[in-house]
Amino acid sequence: MQITKDIRYIGVNDHEVDLFEGQYVVPNGMAYNSYVIIDEKIAVMDTADVHFKDEWMANLKAALDGRSPDYLVVSHMEPDHSANIAAFLQEYPEAKVVATRMAFTMMGQFFGDDYASRRIIAAEGSTLPLGKHTLTFYTAPMVHWPEVMVTYDSTDKVLFSADGFGKFGALDADEDWACEARRYYIGIVGKFGPQVQALLKKASALDISIICPLHGPILTENLGYYLNLYNTWSSYGVESEGVVIAYTSVYGHTKEAALKLAKMLEAKGEKVTVSDLARCDMAEAVEDAFRYGRLVLATTTYNTEIFPYMREFINHLTERGYQNRKVGIIENGSWAPMAAKVMKEMLSGCKNLEIVEPVVTIKSALNAASEEALSQLAEAI
């Protein structure tokens, strides 16, 4: 695939993977993107997952058309991008490696060799001339590993964005970008909003026409749309108006309350998303909680605590910096309801979070009093 006159795509699609990073369901696979810049000097931009070494190397050789690369630029050391560094350097013994100092430390950890004799250490604002093209490197620590850098080609106005602007799904997947990019961002990068904001500030000073991420499609049009979404996500802003109801239910009574609340809200014209945390894709439920501005948590008291799937869900929220939202609470308990207390404590460290009153307490099953409290919550949330 030709991206510009001098830049070619040499990545691979993975339709065998079922869980990305061992936890994220990827029904449409993954793309491990890699690129090559053909100039007086040739730069290869990252490698690919180890299971695709032969395919990636064949793509590289086809793009090189008999030439040898001068540089391997390593933006990120996660193995789905770095696994073939050693194979590349063995195949091309004259090539140099360009990466941050910490990336070379990680190479020593992964491969037992930090390539001291072949390294070029990239620092903030350092450059690498290739001929017509000059690459400029910008550090991007914790987006989403500490060694990360992005690369800007000022000739073709291309930003090689590492894992930034990536998404789940192979390149041949016909699906909406925002949905799987949001799930990818919230799940993998979402904890590091301030660091993403710092990178966006650097990018705002560049004249960018194309974004080449390490996962997902190359972005060539309407870049403001993608940049604005990243700004919203990384600043923990509200992307869409609506209410997410996330519930767990043992015998169906808490589910009944959650669904009744959903109908009340829909009758008011609200957009409502309901997730049964024991059965849904947890990553999608977390994604929705960050997408919308209001969340209702409904669960049972369980072992004087809360139901395990609700605990897992709230942990996902808090470890990713959940903030700037309104939260309603529904608890159920047959003799000593504790769920509301536990959930409030779990959320206590979140910034700018409003717990909406009333907290709805159900004793075993809905009755007239708890249904009235539900109605009040529907008005208040």
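The values are calculated or read from the model by the stated rules, or taken from the named source; none is laboratory data. Nothing here was measured: the structure is a model prediction, and the numbers come from that model. Note: ideal-geometry Cβ built from the backbone for every residue, glycine included; neighbour counts use all protein chains shown.
Has region 110-124 got any residue that is among the small types (Gly, Ala, Ser) and in contact with a Pro (Cβ under 6 Å, 6 or more places away or on another chain)? Full working, then the answer.
Initially, region 110-124 is screened for residues among the small types (Gly, Ala, Ser), giving 112, 116-117, 122-123.
Next, only the ones that are in contact with a Pro (Cβ under 6 Å, 6 or more places away or on another chain) stay: none.
Checked against the condition, which is being among the small types (Gly, Ala, Ser) and in contact with a Pro (Cβ under 6 Å, 6 or more places away or on another chain), region 110-124 yields no hits at all.
Taking region 256-265 as the region of interest, how many residues are without any contact (Cβ under 8 Å) to a residue 60 or more places away in the chain and surrounded by 19 or more Cβ atoms within 10 Å (Cβ to Cβ)?
Initially, region 256-265 is screened for residues without any contact (Cβ under 8 Å) to a residue 60 or more places away in the chain, giving 259, 262-263.
Narrowing further to those that are surrounded by 19 or more Cβ atoms within 10 Å (Cβ to Cβ): 262.
Qualifying residue count, region 256-265: 1.
Among the numbered criteria (1) buried (at least 20 other Cβ atoms within 10 Å of the Cβ); (2) closer than 19 Å to residue 75 by Cβ, which single criterion is violated by residue 206?
(1)
Only residues that are aromatic (Phe, Trp, Tyr) and at pLDDT below 95: list them for region 280-304, please.
302 - this is the single residue of region 280-304 that is aromatic (Phe, Trp, Tyr) and at pLDDT below 95.
Across region 108-162, what is the total count of residues that are outside any loop (DSSP other than H, G, I, E, B) and on the phi > 0 side of the Ramachandran plot?
The first filter runs over region 108-162 and keeps only residues outside any loop (DSSP other than H, G, I, E, B), leaving 108-111, 119-121, 127-129, 134-139, 149-153, 158-160.
With the extra rule that they be on the phi > 0 side of the Ramachandran plot, the set shrinks to none.
The number of residues fulfilling the criteria is 0.
Listed here are the residues, each with its yes/no results for (1) modelled with pLDDT under 95; (2) of a type in the set (D, E, K, R); (3) on the phi < 0 side of the Ramachandran plot.
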residue	(1), (2), (3)
25	no, no, yes
29	no, no, no
41	no, yes, yes
66	no, no, no
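Got a number for residues in region 110-153 being under 27 Å from the mean Cα position of the chain (by Cα) and in contact (Cβ under 8 Å) with a residue 24 or more places away in the chain?
The number of residues fulfilling the criteria is 21.
Only one of these is modelled with pLDDT of 95 or more and crowded, with 21+ Cβ neighbours inside 10 Å: 238, 243. Name it.
Numbers: 238 fails: crowded, with 21+ Cβ neighbours inside 10 Å.
243 is the lone residue from the list that is modelled with pLDDT of 95 or more and crowded, with 21+ Cβ neighbours inside 10 Å.
Report whether or not residue 258 is assigned to a helix (DSSP H, G or I) and over 22 Å from residue 181 (Cα atoms). Give the steps one after another, and end with the answer.
On the way: assigned to a helix (DSSP H, G or I): yes; over 22 Å from residue 181 (Cα atoms): yes.
Yes.
Give just the number: which of (1) surrounded by fewer than 21 Cβ atoms within 10 Å (Cβ to Cβ); (2) within 17 Å of the chain's Cα centre (by Cα) does residue 222 not satisfy?
(2)
Of the residues in region 270-327, how many are polar (S, T, N, Q) and under 19 Å from residue 190 (Cβ atoms)?
Going through region 270-327 one residue at a time, the tally reaches 6.
Could you tell me which of the residues 362, 381, 314, 330 is in contact with a His (Cβ under 7 Å, 6 or more places away or on another chain) and aliphatic (A, V, I, L, M)? Explain how you work it out, then say what you get.
Working: 381 fails: in contact with a His (Cβ under 7 Å, 6 or more places away or on another chain); 314 fails: in contact with a His (Cβ under 7 Å, 6 or more places away or on another chain); 330 fails: in contact with a His (Cβ under 7 Å, 6 or more places away or on another chain).
Answer to the check: 362.
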